[in-house]
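All of the numbers you see were taken from the coordinates with simple rules; none came from a lab. Remember, predicted model here, so these are calculated numbers, not experimental data. Counting neighbours? That spans all protein chains shown, and the Cβs are built from the backbone with ideal geometry, glycine included.
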């Protein structure tokens, strides 16, 4: 039943994207990347099919996909930037003991994102279930907007390009896509883990060199 629903949704979006053209991709990716959960797979993979058929342009799909992801991420970023701290301060004041929150813990979050915001934002865009959420702590800790936009775009761009390739080479066969997406997701998670380990190693090496 789930496969049938996914097939119907994919076919609907394939037709919708073909009708709305690049604006449709942009709007759907804004939704996907903001606080409304929506799978990017059912947006970009059909676009990859259309690219393979010569009905859409790879560069334009990638560009509007990244732009939509960035706009959606910025919505979360600015909401957290302007409202997040006020809400948390109220929680600490009235319910801090219940939620085990205090200013010291919040300061640690600030310190972490000030120090590791780039790698967290970049890798977070590649992890299912985290893509939409990573913008919230970035805004909450007031991460530099330029750096946030840059690393959000880089991470989103890689993810979108992968989905385009899936649609381009696998077509609209939902079962084949589903099987391969599981493998692709695991490969991405392993790659992210390796990237984080490399980042930690380089950070420690730089810190050690500075101490000498």
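Extension gain, residue 20-residue 187: 0.36 nm per intervening residue step, less the Cα-Cα distance, totals 56.9 nm. Given a Förster distance of 30 Å, report the FRET efficiency between residue 196 and residue 86 from their Cβ-Cβ distance, rounded to the nearest 0.05. That gives a FRET efficiency of 0.40.
Note the full-extension length gain between residue 78 and residue 150 as 0.36 nm times their separation in residues minus their Cα-Cα distance, in nm to one decimal.
Working: separation 72, 0.36 × 72 = 25.92 nm, distance 1.56 nm.
Separation in residues times 0.36 nm, less the Cα-Cα distance, equals 24.4 nm.
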